[in-house]
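Here the structure is laid out as structure tokens; the discussion comes afterwards.
The values are calculated or read from the model by the stated rules, or taken from the named source; none is laboratory data. Computed from a predicted model, the values in this text were never measured in an experiment. Neighbour counts are summed over all protein chains in view; Cβ atoms, including those assigned to glycine, are modelled from backbone coordinates with ideal geometry.
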Amino acid sequence: MTRQEMAGRGWDELDILFVTGDAYVDHPSFGVALLARCLESHGYRVGILAQPDWRDPEAFRVMGRPRLFAAVSAGAMDSMVNHYTAAKKIRRDDAYTPGGRAGARPNRAVIAYTAAVKGAFKGLPVVIGGLEASLRRLAQYDFWSDKVRRSVLVDSKADLLLYGMAETSMLEVAKRAAQGDFPGGTQDIPGTAYLCGTPAERFVALPSYEEVSEDPRAYGEAFRLAAQEINPFCARPLAQAHGARTVVVNPPALPLSESELDRLYALPFKKRPHPSYAEAIPAFEQIRTSITTHRGCFGGCAFCAITHHQGKLIQSRSEGSVLAEIDRMAAGSDFKGTVSDVGGPTANMYGLDCGNSEARARCRKGSCLYPRPCPNLKASDSRAVRLLRKIRQRKAVRHVFVASGVRYDLMEAQPQYFDDLLRHHVGGLLKVAPESTSDKVTAIMRKPGAEVFANFLGAYRRRCNELGKRQGVVPYLIAGHPGCTLSDMVDAALFLKRHNLRVEQVQEFTPTPGTLSTCMYHTGYDPLTGERVHVTRSDREKRMQKALLLYHLPESRPLIREALKSCRREEEGDRLFGGAQKPSRRHRQKRR
């Protein structure tokens, strides 16, 4: 991070300079650190500028001009999501900054940092990546400006965009740059996007930026076409005209093999923040003793960005790799015997895969679970169960928790994982994410319906009682999601009441770039079905939806009464505000 550190390694210049909106934590959960260690292991000299002052050119020159290129990332979050709430109010903290202070990175950080690098180093190639660049690689609806913006590759004037996890594409870009190839002229690397005139090869032509910015139907069609090209084994290049130039998005990079993933996690990470920081970094404290076992998610939830960034295919580490990392962590002086989390985007997807390689090679579905589990999905829990048992047997480990959340709709096919989870790995509360308990809304979200959740909840409580454990469930729920009306939210609140569930926090839907839900929010219809959906735009209605999910709080009652009156369901007030309830006649009829 400094000239002094360069001198300590005998470097007179860098090969690659990373610029990131996060503080530098040398941990594989932080993308820039993972890529930097990966490049270092292949002989490249890498420097990291963490949260530099984008208004000061000298802040970018502290380690001199890199020999090959600069790599820019906004950090682990989109900078606009990092800065603003769903109500567009400025956040007061930033978990990726020392002391949790807000304001250490600019709005639209990829654009601002790229401009700063190009101002500091004339003619230096700039490669952009990370979550912000990944989800904005095509023309995208931007909630904060309430308009469709151009691809961030165009707006930033970067030379190349890397999307996804990017280890293989970054290594290939570095290799070619070292051989003298300019990154802006590199057009055949999977997991990258570039600008050109008219593409020479076969591609899927998307409606142009000009079309999608003016016509919601064209925007939806562009999303539908792009959504079919997420499988790296059969995806075709996408092309979207932006004026006289075209943004071409190459197919995703192939998933890493188990051995490749193991090698990444075996790199010599310090597993702590850079020593120059005097204050704690909240995001690091949260994952300090956690273990990532896999990446990717085949759930395909409409509101989630994981599939668009990490991919649909599950990539799992070997047991030996995970256990070796735990042993290294346990050898540290600050380890107290607790592994805070063993998982990934969804903990019980570890070790799962498609059981039909031919079908996988041509699959264009966005989800392996919706509307029902794919018959080709191998959902066996044997690998996850074996791994957790081996972790529990480590002498230095006293407690092992699964805190990253589970897919409860997989539990029927994973009985032993379910039992071990409840016996050993729930720290009092289990996180699950039904997101809604209205069947109409869960269908729009591409989530399992209320009956599946109710069945899981019943099985969970019965088994906890049999084990003599007092363990609860924390359901994550979203207010204001496209398709959700006030009446739908009344149904959701009544479900919570019937099942004696009290939600502590409710997430208000935020239209983040690149997701299906955001497309529905912007256009007012589902691009994959063509059906119109209700979109909640009124702040008052959003507050009423949120209040219904927090039905048990006395302060929610005035808004709940207003909501019940608005949807002509005042009679439900007594059932929501009273004691334990039985299903209403209306609910029994709906179940029939």
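Within the stretch 1-28, the only residue that satisfies the criterion of being aromatic (Phe, Trp, Tyr) and more than 20 Å from Thr97 (Cα to Cα) is Trp11. Residues in the stretch 440-493 that are surrounded by fewer than 17 Cβ atoms within 10 Å (Cβ to Cβ) and acidic (Asp, Glu): Glu451, Glu466. Selection of the stretch 480-502 for residues being of a type in the set (A, V, I, L, M) and more than 21 Å from Ser566 (Cβ to Cβ) yields only Leu501. Scanning the stretch 182-203 finds one or more residues that are more than 30 Å from Ile291 (Cβ to Cβ), in contact (Cβ under 8 Å) with a residue 12 or more places away in the chain, among the charged types (D, E, K, R) and not assigned by TED's automatic domain parsing to the domain that holds Asp155. Taking every residue in the stretch 88-99 that is within 17 Å of Gly75 (Cα to Cα) and aliphatic (A, V, I, L, M) and pairing it with any residue that is part of a loop (DSSP other than H, G, I, E, B) and at pLDDT 95 or above, at least 6 positions away or on another chain, the pairs with Cβ-Cβ distances below 9 Å are Ala95/Ala76; Ala95/Met77; Ala95/Ile281.
When the stretch 458-469 is limited to residues that are of a type in the set (A, V, I, L, M, F, W, C) and in contact with a Leu (Cβ under 8 Å, 6 or more places away or on another chain), the one that is farthest from Ala492 (Cα to Cα) turns out to be Leu467.
Selection within the stretch 127-170: residues that are assigned to a helix (DSSP H, G or I) and polar (S, T, N, Q). The member of this set that is surrounded by the fewest Cβ atoms within 10 Å (Cβ to Cβ) is Thr168. Of the residues making up the stretch 490-520, those that are under 30 Å from Met80 (Cβ atoms) and either in contact (Cβ under 8 Å) with a residue 60 or more places away in the chain or in contact with a Phe, Trp or Tyr (Cβ under 7 Å, 6 or more places away or on another chain) (or both) number 14. The condition of being part of a loop (DSSP other than H, G, I, E, B), of a type in the set (Val, Ile, Thr), in contact with a strand residue (DSSP E or B) (Cβ under 7 Å, 6 or more places away or on another chain) and surrounded by 15 or more Cβ atoms within 10 Å (Cβ to Cβ) holds for only one of Val426, Val397, Val342, Val432, that being Val397. The condition of being within 25 Å of Ile291 (Cβ to Cβ), among the small types (Gly, Ala, Ser) and not in a helix (DSSP H, G or I) holds for only one of Ala76, Ala104, that being Ala76. Can you confirm whether the stretch 77-90 contains a residue that is under 20 Å from the mean Cα position of the chain (by Cα), surrounded by 14 or more Cβ atoms within 10 Å (Cβ to Cβ) and closer than 27 Å to Gly8 by Cα? Scanning the stretch 77-90, I find no residue that is under 20 Å from the mean Cα position of the chain (by Cα), surrounded by 14 or more Cβ atoms within 10 Å (Cβ to Cβ) and closer than 27 Å to Gly8 by Cα, so the answer is no.
Taking the stretch 411-423 as the range and being surrounded by fewer than 18 Cβ atoms within 10 Å (Cβ to Cβ) and not acidic (Asp, Glu) as the test, the residues that pass are Ala413, Pro415, Gln416, Arg423.
Of all residues in the stretch 319-335, those satisfying the criterion of being among the charged types (D, E, K, R) and at pLDDT 95 or above are Glu319, Glu325, Asp327, Arg328.
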